[in-house]
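A short write-up of the structure that comes next.
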Amino acid sequence: MKGNSLVKLGLKKRLWIAFSFATFFPLSLLLYYLINFKTLSWFAVGVTAFIIFLGWWFVFNVFSSILRIQNKSFKTLEYIKEGERYFKEIEIEDEVQKLDMVFNILSSKVKESVEELRKVSFKTEELNRAIAQKVNIFSTILQVHSLFSQGSSVQSILQFLIERLREILASKTVMLFLKKKNQGYNYFCCGISASLVEEVLKRDDFLSSLKEEKYEVVDKNHPKEKFAFHKEILNIKNILIYSITSSQRNIGVIVVGNSLDDFAFSEEDFETIKLFAHQIGILWEHSLLSQKIEDMEIYDSLTGVYNEKFLLERLEEEIKRAAVYQRPCGFILFRIDNYFSLQNELGLVKIEKVLKRTVNEIKGNIRSIDIIGRIGEEKIGVILIEKNKRQSKEVASQLKEKLESLPDFNCKISFAVAESPLDGENASQLFRQANSYLDSSS
């Protein structure tokens, strides 16, 4: 009996039974009244028939809609579960249970789709961040080239670079250290005071700490005790120190740090820092080359003192300054009289050493405010600030005496003295007059 209950019947059978009850009972009731109550009016019969018709029409439409939804759901189920073993093996006659299975499977698929969408969304966000980072890097490089072409100083461009690096990496602190010619570092910092940077530099040498490694890193994936002092002083938890190279030699480091928990530097971070380090290396190398070119324009390559062109420019400046303040300006022109004969006798290498020795001796016995330079091959000029002709002659005589008293010094030294404005109102006139005095004395 239980197995034949109405609940166990399929949805279609139950719907048709309900339809039969909705139409059969009213008709039976109407017949009963007609048989037992012959006085029943035709109006009552008509109303009953109309209500029955409306009920039948309403039930039919509702059930038809349900059946259409059911059929569509079954087709959807067939598409979703096509080829899945457990669905083929289980035969379900009850359409309600089958419809319930459709909704369960659809819910499962929706959940899976939502999870996939979340993963795709996360990957899309990562991709967008990576693209934005690349765009920022490319924009920074273009700005650097623009600043350089506009004649901005190397120092201002380097400061701009580390500020942009801090922004791109969202770091707390970025520092740049570049080795000086002799010792120590030029440094640029962002997100940290200069006093703290000085404190760090007193305690350690970043380049020596790197040894043969290109970089050192302390983060979640590299929990080292190294650089503990720097982390303490800078108040950071994660630190990355990247070496900057130029012409296959270390010239400095970039230091990046933050205070984030459970943080690890990513491959993109390394690539970004590597790119910035490369740009800084190129910029610094260009700066050194520019400095060398500038030095070549004003310094004599052999002796290291000013060359003739720049010495005469400085002489012109000092003459103008002396005229403004109504002060004298002395000029001494030394000459090694036997320079060319010694060159033939000793050779080029030894005569160059003699010339260097002569220049160094003169340079070491004049005031720091006085200016020395090489003129031609065998002449040396000295600008004596606020010295008149008599005072300049005394200085020249003392210098000649010192030179000729040097051991193994076989040079014959002569000199001429001129004063502005007595012997010339500009550098060209003063130099010609001194040269004329020198020629007439020989």
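Out of all the residues in region 387-437, which are charged (D, E, K, R) and in a helix (DSSP H, G or I)?
LYS389, ARG390, LYS393, GLU394, LYS400, GLU401, LYS402, GLU404, ARG432
It is to be established whether one or more residues within region 362-372 are assigned to a loop (DSSP other than H, G, I, E, B) and of a type in the set (Val, Ile, Thr).
Yes, the conditions are met somewhere in region 362-372.
If I ask for residues that are charged (D, E, K, R) and touching a Phe, Trp or Tyr at 6+ places or on another chain (Cβ under 9 Å), which ones from region 413-434 would you list?
GLU419, ASP423, listed by residue number.
Look through region 269-313, keep the residues that are small (Gly, Ala, Ser) and outside any helix (DSSP H, G or I), and return whichever of them is farthest from LEU348 (Cα to Cα).
Among those residues, the one meeting the criterion is GLY304.
Evaluate the following for VAL359: is it surrounded by 13 or more Cβ atoms within 10 Å (Cβ to Cβ), out of contact with any helix residue (DSSP H, G or I) (no Cβ under 6 Å at 6 or more places or on another chain), at negative phi and of a type in the set (Val, Ile, Thr)?
So VAL359 passes the test.
Within region 317-354, can you find the residues that are surrounded by 16 or more Cβ atoms within 10 Å (Cβ to Cβ), outside any strand (DSSP E or B) and under 54 Å from the mean Cα position of the chain (by Cα)?
GLU318, ILE319, ALA322, ILE351, VAL354 - these are the residues of region 317-354 that are surrounded by 16 or more Cβ atoms within 10 Å (Cβ to Cβ), outside any strand (DSSP E or B) and under 54 Å from the mean Cα position of the chain (by Cα).
Of the conditions (1) without any contact (Cβ under 8 Å) to a residue 60 or more places away in the chain; (2) more than 47 Å from the chain's Cα centre (by Cα), VAL395 fails just one. Which one is it?
(1)
If you go through region 333-364 one residue at a time, how many are among the hydroxyl-bearing types (Ser, Thr, Tyr) and in contact with a Phe, Trp or Tyr (Cβ under 7 Å, 6 or more places away or on another chain)?
Residues meeting the conditions: 0.
Kindly indicate whether any position in region 167-177 is in a helix (DSSP H, G or I), assigned by TED's automatic domain parsing to the domain that holds GLY281 and in contact (Cβ under 8 Å) with a residue 40 or more places away in the chain.
Checking region 167-177: at least one residue is in a helix (DSSP H, G or I), assigned by TED's automatic domain parsing to the domain that holds GLY281 and in contact (Cβ under 8 Å) with a residue 40 or more places away in the chain.
The values are calculated or read from the model by the stated rules, or taken from the named source; none is laboratory data. Computed from a predicted structure; not experimentally measured. We place every Cβ from the backbone using ideal geometry, glycine too, and count neighbours over all the protein chains shown.
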